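Working notes for the structure below.
The values are calculated or read from the model by the stated rules, or taken from the named source; none is laboratory data. Just so you know, these numbers come straight off a predicted model, no measurement behind them. Here Cβ is always computed from backbone atoms with ideal geometry, including for glycine, and neighbour counts include all displayed protein chains. These area figures cover heavy atoms from the full protein model, side chains too; ligands, DNA and RNA do not enter into them. Shrake-Rupley method; radii C 1.70, N 1.55, O 1.52, S 1.80 Å.
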Amino acid sequence: MPLSPELTTIVESTKGFMPVREAAALFDAATLATPGVWLEIGTYCGKSTVVLGGAAKAAGATVIALDHHRGSEENQVGWEWHDESLVDPDAGRLDTLPSLRRTLRIAGLEDTVTPIVGSTQSVGSWWSTPLEFLFLDGNHTEEVAQHDYSAFARHVSPDGILAVHDVFPDPADGGQPPWHVVQRAVESGAFIQLAVTDSLRVLRRLPGVDFS
Ligand code: MG
């Protein structure tokens, strides 16, 4: 069953950086995951969160949406993907949390998605809950992308699903860190790749292989 027409409309109208084809592939990936806790790293205004939330609601799963909500480097003033309407004038900084809350409210997903406002370094330092689905779409610097994989992929349950966004094997198409993460996951033997849709990669955690 695909994402409902109502939620599809909300996904399309929510600010963010995920084309329709990848959103559909992300939904398909989520339907492979068993219910339990699903974690999204990098939420922004909630575009992909609605995709995951729609699948989670149908499956009886819970989505944790983790973001500091201050935007990535490319969202800051003077950068290519800056959106002035997302600036909190009081803080003088980006604040995408109100947009996320609105998105979840109109999507009817406030009981399905629990936002966490914080950095992945902070949350990763105490996170211990097993994950049936992990979506890595946070900061794309090498340091943070590798950190996020190290901190959270080890919690993916046997047969659990790992999805990675903005994977570009050719440097001409985009930054390399997410591609390095996918290579690391496959080379570790802990994950096998299931699907590729444009820049979205879907992998499955193999049972009986230690994470490294
Ligand atoms: Mg992305």
Report, by residue number, each residue of segment 83-94 that is in a loop (DSSP other than H, G, I, E, B) and over 30 Å from residue 180 (Cβ atoms). 89, 90, 91, 92
Output for segment 149-172, where each listed residue is of a type in the set (Asp, Glu), touching a residue at least 24 places away in the same chain (Cβ under 8 Å) and within 22 Å of residue 80 (Cβ to Cβ): 166
I want to confirm something. Restricting to segment 174-187 and keeping residues that are within 16 Å of the ligand (Cβ to nearest atom) and open to solvent by less than 60 Å² (accessible area, probe 1.4 Å), which single residue is farthest from residue 143 (Cα to Cα)? 174
Quickly run through segment 15-43 and pick out the residues that are at pLDDT below 95, out of contact with any strand residue (DSSP E or B) (no Cβ under 9 Å at 6 or more places or on another chain) and not charged (D, E, K, R). 16, 17, 19, 20
Over segment 58-76, the set of residues open to solvent by 50 Å² or more (accessible area, probe 1.4 Å) and in contact with an Asp or Glu (Cβ under 8 Å, 6 or more places away or on another chain) is 70, 74
Among 80, 84, 142, 74, the single one that is more than 18 Å from the chain's Cα centre (by Cα) and within 16 Å of the ligand (Cβ to nearest atom) is 80
Out of the residues in segment 188-212 meeting the condition of being over 16 Å from residue 136 (Cβ atoms) and without any contact (Cβ under 8 Å) to a residue 24 or more places away in the chain, tell me which one is least open to solvent (accessible area, probe 1.4 Å). 189
With the condition being more than 15 Å from residue 72 (Cβ to Cβ), hydrophobic (A, V, I, L, M, F, W, C) and open to solvent by less than 10 Å² (accessible area, probe 1.4 Å), I'd like the strands (runs of 3 or more DSSP E) fully within segment 97-173 carrying at least 2 qualifying residues. 131-136, 156-164
